[in-house]
Each structure stands twice: as structure tokens, then as C-alpha cells.
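Q: Could you have a look at this structure, given as C-alpha cells, before my questions?
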Amino acid sequence: KQKMTEQEYKEKLTPDQYHILREKGTERPFTGEYNTHYENGVYSCAACGNELFKSDQKFDSGCGWPSFDDEIEGAIERKRDTTHGMIRTEIMCSNCGSHLGHVFNDGPTPTGIRHCVNSLSLDFKKDD
Ligand code: FE
């Protein structure tokens, strides 16, 4: 696993990205650059570059954040989250532990999975 110091993350990331990825923040809905973004390619962790989701796993959930109905195998870790008066499952990058968002079992596609991810937690690389 990659280990960077918090100081290194602060130097690499914008303040908003640092807040979400390293302090488990949430961007305002419908504001992220990847919320309605449907190019072909791969979404990776903005903190460490670990590849997380493929564009064919992305769907429009209408929730205001980029949503994915599956993940690249082994890319995501899950953790029970009981903050803010809710019981949710937090998702984190399996390589660096940075916060991505939450995953729900109410997805409309055949997998039934809805990964709800902050745009600011993601980088995108278009397919060649
Ligand atoms: Fe990462």
C-alpha cells in the first residue's frame, strides 16, 4: 500500500480535495465535474492514482454525484459509517485509504449497487 504523509497530500491536492479525501468531506451535489460526464476511460483515485472505476460502470443516478454500479476488482475498501445519524457504508481507495464516498444497495442496474463518489476524489483518463 502507498503511504504518503498528510503534508505530502496537502501539497499534492487542492484544499477541497484534501478535505474530501483525507478528512471524509462531501462536495455539494450537482457541482462536480464528473457528475454528468460520460466519456470512455478510467476513473482513478485523485490522491494516489489507483484505478477505481471504468466508464462502463458509470450511470446517471440523479443523486448529484458520480455513480458507479461496479468497481475495478480490489480497488475499493468498505467500512461501516454511523456518522451524521445514518448507517452507511463508506468507500475508500484500497491503495491509500482516501475517502471516496458511500455505497448503497439501491442501484437501478442489474448489480443493484450504487457507488456514490465525490468528483473531487477522482481523476479521469480518457481511453486512447
Ligand atoms: Fe488512493
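Q: How much length would be gained if the chain were fully extended between R28 and T14, taking 0.36 nm per residue of separation minus their Cα-Cα distance, in nm to one decimal?
A: Value of the extension gain: 3.4 nm.
Q: Of N118, N95, N105, which has the largest mean-square fluctuation in a 10 Å C-alpha GNM of the chain?
A: The residue with the greatest mean-square fluctuation here is N105.
Q: With a cut-off of 8 Å between alpha carbons and a minimum separation of six or more residues, what is the relative contact order of the stretch 46-128 in percent?
A: 28
Q: While we're looking at this one, here's another question. Under a point-charge model restricted to the Cβ atoms of Lys and Arg (+1) and Asp and Glu (-1), what is the dipole moment magnitude of the chain relative to its Cα centre, in debye to the nearest 20?
A: The dipole magnitude comes to about 440 debye.
Q: Which Cys residues of the chain have no other Cys Cβ less than 4.7 Å away and so no disulfide-compatible partner by this rule?
A: C63, C116
Q: Consider a paramagnetic label point 7 Å from the Cα of K79 along Cα→Cβ; state which residues of the stretch 6-47 have an amide N under 19 Å from it.
A: 6-10, 17-27, 45-47
Q: Another question, if that's okay. Using the Cα atoms of the chain to build a convex hull, what is its mean projected area in square nanometres?
A: Spelled out: convex hull of the Cα atoms, projected over all directions, averaged, 7.8 nm².
Q: Considering only DSSP states other than H, G, I, E and B, which chymotrypsin sites (Phe, Trp or Tyr not before Pro) in the stretch 35-126 qualify as loop sites with at most 14 other Cβ atoms within 10 Å?
A: The qualifying sites are Y38.
Just so you know, all these numbers are worked out from the coordinates, no wet-lab data involved. Owing to the predicted nature of the structure, the values given are computational and were not obtained by experimental measurement. For neighbour counting, all protein chains shown are included, and Cβ atoms are generated from backbone atoms with ideal geometry for every residue, glycine included.
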